[in-house]
Amino acid sequence: MISLDAVTKQYGGVHAVKELTLEIPERMLFGLIGPNGAGKTTALNLITGLAAPTRGTISLDGRRLDRRKPYEIAALGVARTYQTSRLFPYMTALENVVVGMHVHARDSLVGQLAGWPPAIAQARALRTRARELLGELGLSERADAVARSLAAGEQRRVELARAIAAQPRVLLLDEPAAGLNPVETERLRDEIVRLVRERGIGVLLVEHDMALVMSACERIAVLDFGEKIAEGSPAQIRNDPKVIEAYLGVENSA
Amino acid sequence: MHELVAAYHAHSALLNEIGINALLALSVWVTLACGQLSLGNMGFMAIAAYASVLLVTRGHWPFFGAALTGAAMAAAAGLLLGWPVLRLRGVFLAIATIGFGEIVRIFAINLPFTGGAEGIAGIPQLVTTAIIYSSLALIAFLLWRLTRSRAGRAFAAIAQDEVAASGLGINPAAYKLAAFAIGAFIAGYAGALAAFSSFFISPSDYSFGRAVDVLAFAVAGGIGSVAGPIAGAALLTLLPEWLRFLQNYRDVVNGAILLLVIIFLPQGVWSIVRRRSAR
């Protein structure tokens, strides 16, 4: 579904991402791991159009994504969350999720301006759907709380709900477990797995939490200094000598 | 009843000024709602005022046709200005739009058909208090509905986090341009109303100082809702009248009150009313 073909991103003399080739199939939970500064977030920014690749191509179902604007890429069905929450701080959790529906919410502007009842009913239906979505993520009681007043874990789940509300084909999660306690992480894992199973969304999970990635993902790619050093099933990754050297080795010795 | 009629006749000019200032405050509010600080509204006001006055006095157009045409010209100017300055943010955008306002004012002084620094006199009094307030009611209603619509949600999203907004499929440039054009249209329409409720217009009516006053209306009233800028315009237009007895110290007290509002009521004066009604 999403393919990166020999994608390179250079900042001056530094290769943030070098000759990266990835193929994320439909309905797959795909993990992208690597030490700090390995280029994981850069890879996400390249896919979502926040940065343009220096070389190489990125496509979604054969349609080129590179050189497109972020909002066009989002409209094609790519949603994401961010390392530090980027909720709209002064909106409620519910309003955040409703904004997430922007691409599909076609309530007519003229109808809304005139206060035409069907248009108002449409807007109300969006809010109902947003409330259901928050309920599924266990946030019913926080739906009307202002986003910036939410706890960090709640903010992450609202951000997830907002991304799901966009009905994406592929969802990019940038370290969703950072700052969560083990119980919250467990719950997040179940939610992500459910996303793939029940909604058929492809997920690219960028994560530091090895346990989470190993237990949740079907396939994993490992980045080190911007280059892919390994790709395979969790078992293959766990036993790959290059990965152990670059990443796991440090963890094991600690 | 007679007292009311007498009071209306004594104060109708002030009443009209409040209504027009409220429209101007709404015009700057629209761009603020989309996260843009634009101070070019006097330029839009001037374009529509001169255009509508010339259309009526020389072209013998009916008032509403001339006012709406003038406002449409202001909106077109808003699009033309919005396109190149869209990349600018915050204070840089504010400076660019101030520049636009000054350019329009200098054109008004120097063009052959705008009457120079003395302006145009003898404008027929075609605008009544009723016209001003029904226009205000209609525009405020439409803006209130806008805040509830998909476009209004996109405006708020762009204002609060542009990157996150574009990550959800919202095209920031398109909505910012729309906000610019809507703001310019409202400022222009207010300019036409103002021109036809006074006897003359001159370039000094569209000074930078007035643009700042209008921004103060919106900020003091509160930019969280449509009612805020209207309340702010009413308060800050009436305040100098109430403070008349202070004579030369009037502006000082006026400024002090504005500062107090910003410090103690950062959500604007209207937030008091909202808090009361929420209880």
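Some notes on this structure:
- Test: residue in segment B:120-139 that is away from chain A (no Cβ under 11 Å) and within 20 Å of B:F100 (Cα to Cα): no
- Spans of helices (runs of 4 or more DSSP H) in segment B:1-111 with at least 1 residues open to solvent by 40 Å² or more (accessible area, probe 1.4 Å) and more than 22 Å from B:S204 (Cα to Cα): B:2-33, B:63-85, B:90-110
- Set side by side, the residues A:L195, A:L173, A:L180 differ, and just one is in the same structural domain as A:E72 (by TED's automatic domain parsing), part of a strand (DSSP E or B) and surrounded by 17 or more Cβ atoms within 10 Å (Cβ to Cβ), which is A:L173.
- Apart from one condition, B:V252 fits all of (1) within 14 Å of chain A (Cβ to nearest Cβ); (2) part of a helix (DSSP H, G or I); (3) out of contact with any Gly (no Cβ under 8 Å at 6 or more places or on another chain); the exception is (1).
- For segment A:103-117, taking the residues that are at the interface with chain B (Cβ under 7 Å from one of its Cβ atoms) and open to solvent by 10 Å² or more (accessible area, probe 1.4 Å), the one that is farthest from the chain's Cα centre (by Cα) is identified as A:G115.
- Exactly one residue out of B:I139, B:I131 is surrounded by fewer than 20 Cβ atoms within 10 Å (Cβ to Cβ), in contact (Cβ under 8 Å) with a residue 40 or more places away in the chain and among the β-branched types (V, I, T), and it is B:I131.
- Conditions (1) part of a loop (DSSP other than H, G, I, E, B); (2) open to solvent by 20 Å² or more (accessible area, probe 1.4 Å): number failed by B:F245: (1)
- Among the candidates A:A93, A:A125, residue that is under 16 Å from B:L168 (Cα atoms), more than 12 Å from every other protein chain (Cβ to nearest Cβ) and either open to solvent by less than 90 Å² (accessible area, probe 1.4 Å) or touching a strand residue (DSSP E or B) at 6+ places or on another chain (Cβ under 6 Å) (or both): A:A93
- Test set (1) under 21 Å from B:A72 (Cβ atoms); (2) more than 14 Å from chain A (Cβ to nearest Cβ) - B:G116 fails condition number: (1)
- Restricting segment A:45-56 to residues that are within 15 Å of the chain's Cα centre (by Cα) and more than 9 Å from chain B (Cβ to nearest Cβ), the residue that is most open to solvent (accessible area, probe 1.4 Å): A:N45
The rows are residues; the columns are (1) under 24 Å from A:L87 (Cα atoms); (2) open to solvent by 20 Å² or more (accessible area, probe 1.4 Å); (3) more than 10 Å from every other protein chain (Cβ to nearest Cβ).
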site: B:L143; (1), (2), (3): no, no, no
site: B:R150; (1), (2), (3): yes, yes, no
site: B:F155; (1), (2), (3): yes, no, yes
site: B:I158; (1), (2), (3): yes, no, no
site: B:L168; (1), (2), (3): yes, no, no
site: B:P172; (1), (2), (3): yes, no, no
site: B:G183; (1), (2), (3): no, no, yes
site: B:I186; (1), (2), (3): no, no, yes
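Let's see how each residue does on (1) part of a helix (DSSP H, G or I); (2) of a type in the set (D, E, K, R); (3) under 22 Å from B:L86 (Cβ atoms):
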{"residue": "B:A157", "(1), (2), (3)": "yes, no, yes"}
{"residue": "B:G169", "(1), (2), (3)": "no, no, yes"}
{"residue": "B:A174", "(1), (2), (3)": "yes, no, yes"}
{"residue": "B:F185", "(1), (2), (3)": "yes, no, yes"}
{"residue": "B:L193", "(1), (2), (3)": "yes, no, no"}
{"residue": "B:S204", "(1), (2), (3)": "yes, no, no"}
{"residue": "B:A211", "(1), (2), (3)": "yes, no, yes"}
{"residue": "B:S225", "(1), (2), (3)": "no, no, no"}
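- Residues in segment A:157-173 that are of a type in the set (K, R) and in contact (Cβ under 8 Å) with a residue 60 or more places away in the chain were compared, and the one that is farthest from the other protein chains (Cβ to nearest Cβ) is A:R169.
- For segment A:57-77, taking the residues that are open to solvent by less than 30 Å² (accessible area, probe 1.4 Å) and more than 9 Å from chain B (Cβ to nearest Cβ), the one that is nearest to the chain's Cα centre (by Cα) is identified as A:G77.
- Any chance A:T84 is among the β-branched types (V, I, T), more than 14 Å from chain B (Cβ to nearest Cβ), open to solvent by 30 Å² or more (accessible area, probe 1.4 Å) and out of contact with any Gly (no Cβ under 8 Å at 6 or more places or on another chain): no
The values are calculated or read from the model by the stated rules, or taken from the named source; none is laboratory data. Quick caveat: nothing in here was measured; it's all calculated off a predicted structure. Reconstructed Cβ throughout: ideal geometry from the backbone, glycine too, with neighbour counts over all protein chains shown. Each accessible area value is taken on the protein alone, full model and side chains, heavy atoms only, with ligands, DNA and RNA left out. Shrake-Rupley method; radii C 1.70, N 1.55, O 1.52, S 1.80 Å.
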